[in-house]
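The values are calculated or read from the model by the stated rules, or taken from the named source; none is laboratory data. Treat the numbers as computed from the prediction; the structure is a model and nothing was measured. Note that we place each Cβ from the backbone using ideal geometry, even for glycine, and neighbour counts take in every protein chain shown.
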Amino acid sequence: MILLFVNCGAQGQIRKGFEAYYYPGNGAVFSSLSTKLYYQTSQGWYTEFRYNYEQEGTAACSVGKTFSKENDISYSITPEVGISGGKLQGTSLGLNSTLSRGRLSFNSSLLYAPRFERSKSNGSFFSWSELNGRITKHLCAGVTIELLSSPCTTMSLDAGGQLEVLYKDWTFPLYVFDRRGTEPFLVAGACYEWKYRHG
């Protein structure tokens with residue numbers, strides 16, 4: 001993980017959007033649909049609402065602050081804290097980060113959600129990292145690594161390939177993961193983001 005908190009540029013950009021990911025036949029680790037809504041102010045304050053991310057049947061809300069800079073090498077780092085309710089009741093600590101140069105981009109999301117009650121299965125840890133290259137204006141491809149540990153399952157590390165179709169403000173990613181001892185499985189997504197300058 002690359003942390004670059006120095007020389008952060010002025011924010012000025014408002015971002016809002018949603019992400020939805022469908023997990024067909026992916027067992028009991030996740031529900032079939034995970035969703036996220038987020039909003040970032042022009043000053044960089046960030047909030048997001050998640051459902052079925054930490055655990056199936058769990059809703060969560062987080063707030064944080066985005067530090068970013070756009071240049072030849074652009075980056076964005078958002079540490080956040082939050083709370084969850086439903087099947088997993090507890091707090092959460094997260095870090096979203098991006099790094100890009102030219103046609104290459106790296107994205108990472110880390111999320112740790114400890115439970116309120118003490119138990120052997122004390123919470124969930126989730127890490128999702130992508131390295132992508134833009135092939136054409138409307139097509140990206142890359143590799144993805146997912147690390148997951150939750151009260152419902154033992155820790156798993158899955159690597160896969162990714163293909164993204166880009167159209168205006170829409171992104172449609174498709175992931176293929178190869179989990180040891182099982183058949184390869186797919187994850188399909190639909191993401192939309194609004195970006196506009198403040199003032």
Being in a loop (DSSP other than H, G, I, E, B) and under 17 Å from VAL63 (Cα atoms) is the filter; apply it to segment 4-46 and report the residue that is modelled with the lowest pLDDT.
GLN11
I'd like to verify a number: residues in segment 66-91 that are over 14 Å from the mean Cα position of the chain (by Cα) and assigned to a strand (DSSP E or B), how many?
14
Within segment 44-94, the count of residues that are loosely packed, with under 15 Cβ neighbours inside 10 Å and within 17 Å of TRP194 (Cβ to Cβ) comes to 1
Which condition from (1) modelled with pLDDT under 90; (2) under 15 Å from LYS36 (Cβ atoms) is the one that GLY94 breaks?
(1)
Among SER84, SER42, SER100, which is small (Gly, Ala, Ser) and under 18 Å from SER127 (Cα atoms)?
SER84
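Looking at segment 51-65, which of its residues are of a type in the set (D, E, K, R) and either free of Cβ contacts under 8 Å to residues at least 24 places away in the same chain or assigned to a strand (DSSP E or B) (or both)? Working first, answer last.
Initially, segment 51-65 is screened for residues of a type in the set (D, E, K, R), giving 54, 56, 65.
Answer for segment 51-65, where residues must be of a type in the set (D, E, K, R) and either free of Cβ contacts under 8 Å to residues at least 24 places away in the same chain or assigned to a strand (DSSP E or B) (or both): just LYS65.
Quick check on ASN107: is it buried (at least 20 other Cβ atoms within 10 Å of the Cβ) and in a strand (DSSP E or B)?
Numbers: buried (at least 20 other Cβ atoms within 10 Å of the Cβ): no; in a strand (DSSP E or B): yes.
Here the answer is no, as ASN107 does not meet what is asked.
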